[in-house]
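As structure tokens, the structure follows; a few thoughts come after it.
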Amino acid sequence: MNKLSNKEKYSYGIGALGKDLVYAIVATYLMIYFTDTVGLSPAFVGTLFLVARLWDAINDPFMGMIVDNTRSKFGKFRPWILIGSLINAVVLVFLFRKPDLQGTSLYVYYSVFYILWGMTYTIMDIPYWSMIPALTTDKEEREKVSVIPRIFASTAWLIIGTFGLQMIDFFGDGDTAIGYYILAIVIAIIFVITSITTCFNVTEKAPVKPSAEKVNFKQTLEIIKNNDQLMVFIGIVLCMNLVMQIIGGVAIYYFTYVIGNADLFSVYMAFSGISEILGLCAFPFLTKIVGRQNVFKIAVGLPIIGCLLLLVVGIIAPTNAIFIGLAGAVYKFGTGLLLGSTTVMLSDVVDYGEFKLNSRNESIVFSVQTLLVKTASAVSGWLVGVGLQLVGYIPNVQQSDATIFGIKCLMIGAPIVFAIIMYIIYKTKYKLNGEFHDKILASLNKVD
């Protein structure tokens with residue numbers, strides 16, 4: 001009952017490959033593309049990231065409301081996945097195109113296309129993740145299905161992190177701007193193909209109880225506010241994404257200017273990406289052995305250990321590729337477990353919302369995840385951009401001791417702080433575990 005074929009599981013999962021190739025190139029390289037290739041001010045870039053995400057605070061829940069109110073013969077998720085993917089692919093290409101502009105016009109061009117990129121990514125991302133609770137209500141099946149797209153997503157980040165610089169050099173043949181532009185075109189094509197695969201091969205399976213009436217924007221905000229476990233989840237996932245995106249955003253600066261060897265960035269990202277995939281693969285098995293709560297504890301602890309290991313390596317063997325790779329592997333095995341944990345948690349939060357509020361609103365709840373990812377990207381981008389400006393960062397030159405120290409604090413200190421906060425929130429506030437969670441599922445299945 002509610003079992004999915006392998007074709008359906010992997011057709012759904014491959015959609016994450018394309019969309020996360022898109023997100024990975026933006027999250028990993030857009031900051032340094034803006035500062036070092038285009039020549040924008042780091043503080044301006046950081047502020048742009050933050051302002052765009054403030055707009056998303058309205059835009060993302062609004063999109064969730066639109067998806068939840070959609071009624072069509074193709075379901076309520078697939079039409080928006082396809083529409084969003086097509087539009088976002090076009091915007092991505094223009095985002096990495098260097099126009100023949102200068103001064104204010106150049107700043108306006110990139111501001112407009114970055115904000116458009118965030119808006120159009122929302123159109124596709126919210127319905128994509130919202131499909132998970134609608135695919136199956138079986139607890140074990142859901143845990144398996146939830147991991148598959150995360151593995152594809154982690155593969156995308158592995159590809160971009162490990163081979164991104166090399167592909168930019170290859171495509172550009174010495175011209176970095178051209179390299180970014182061609183890579184963006186290639187990613188856009190892959191993105192469209194993978195999204196079409198998802199839309200044509202996957203349908204909604206599980207019985208979904210929609211709201212009796214269409215939900216307006218005010219009701220959308222009420223649904224978010226009244227689901228107390230969603231509010232807890234917001235704190236957990238925001239901290240998780242801040243850990244990952246601060247490290248992801250600073251890493252290229254750290255290895256280029258602190259360590260003095262940009263090639264070690266690819267080493268770090270390669271070990272990290274492979275380890276994250278292993279963590280995701282291990283998640284279903286570890287949860288069976290030690291339970292979700294203990295897996296989450298391990299998942300939070302490993303990034304802290306990985307950051308501390310990177311600090312020690314930077315002191316005793318800063319250019320040792322094996323030690324640097326090991327630090328990345330420890331950190332990312334933990335984030336793999338975190339991604340598995342939070343994907344399942346979000347589906348549980350949807351069930352809890354139906355149990356408590358008697359209204360099932362997958363897309364509204366999942367819109368929060370998209371907003372959190374982009375909010376973390378904005379905050380981390382702002383911290384990196386403004387932080388670099390404050391410590392005197394100058395592109396393409398040797399940095400001062402103060403700048404190097406500041407980059408180290410961003411790369412190692414800030415993620416540790418957010419990981420600790422994440423664990424405190426989970427330990428003290430999250431309750432969808434054990435008997436209480438089983439009771440919710442039993443009650444919903446009885447109603448169905």
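Observations, loosely collected:
The rows are residues; the columns are (1) under 18 Å from the mean Cα position of the chain (by Cα); (2) modelled with pLDDT under 95.
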residue: 231; (1), (2): no, yes
residue: 237; (1), (2): yes, yes
residue: 258; (1), (2): no, yes
residue: 285; (1), (2): no, yes
residue: 300; (1), (2): yes, no
residue: 307; (1), (2): no, no
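- Scanning the stretch 71-99 for residues that are part of a loop (DSSP other than H, G, I, E, B) and farther than 26 Å from residue 28 by Cβ turns up 71, 72, 73, 74, 75, 76, 77.
- Considering residues of the stretch 387-402 that are small (Gly, Ala, Ser) and not in a loop (DSSP other than H, G, I, E, B) only, the residue surrounded by the fewest Cβ atoms within 10 Å (Cβ to Cβ): 402
- Selection count where residues are outside any loop (DSSP other than H, G, I, E, B) and either surrounded by fewer than 19 Cβ atoms within 10 Å (Cβ to Cβ) or hydroxyl-bearing (Ser, Thr, Tyr) (or both), scope the stretch 291-318: 11
- Failed item in (1) of a type outside the set (Asp, Glu); (2) open to solvent by less than 10 Å² (accessible area, probe 1.4 Å); (3) outside any helix (DSSP H, G or I), with residue 359 passing the rest: (2)
- Here residue 333 does not qualify as surrounded by fewer than 23 Cβ atoms within 10 Å (Cβ to Cβ), at pLDDT 80 or above and among the aromatic types (Phe, Trp, Tyr).
- Filter result (in contact (Cβ under 8 Å) with a residue 60 or more places away in the chain and open to solvent by less than 30 Å² (accessible area, probe 1.4 Å)) within the stretch 278-290: 279, 280, 283, 284, 287
- Restricting the stretch 184-205 to residues that are open to solvent by 50 Å² or more (accessible area, probe 1.4 Å) and among the aliphatic types (A, V, I, L, M), the residue that is nearest to the chain's Cα centre (by Cα): 190
- Within the stretch 42-70, the set of residues being outside any helix (DSSP H, G or I) and touching a Pro at 6+ places or on another chain (Cβ under 8 Å) comprises just one member, 70.
- Residue that is touching a residue at least 24 places away in the same chain (Cβ under 8 Å), acidic (Asp, Glu) and open to solvent by 40 Å² or more (accessible area, probe 1.4 Å), where the choices are 175, 138, 169, 100: 138
- Here residue 280 meets the list (1) over 12 Å from residue 332 (Cβ atoms); (2) modelled with pLDDT under 95 almost entirely, failing just condition (1).
- Filtering the stretch 421-434 to residues that are modelled with pLDDT of 70 or more and either more than 17 Å from residue 133 (Cβ to Cβ) or open to solvent by 60 Å² or more (accessible area, probe 1.4 Å) (or both) leaves 421, 422, 423, 424, 425, 426, 427, 428, 429, 430, 431, 433.
The values are calculated or read from the model by the stated rules, or taken from the named source; none is laboratory data. These figures come from a predicted structure and were not determined experimentally. Don't worry about glycine lacking a Cβ; one is built from the backbone with ideal geometry, like all the others, and counts go over all protein chains shown. Please note that ligands, DNA and RNA were not included when accessible areas were found on the heavy atoms of the full protein model with its side chains. Shrake-Rupley method; radii C 1.70, N 1.55, O 1.52, S 1.80 Å.
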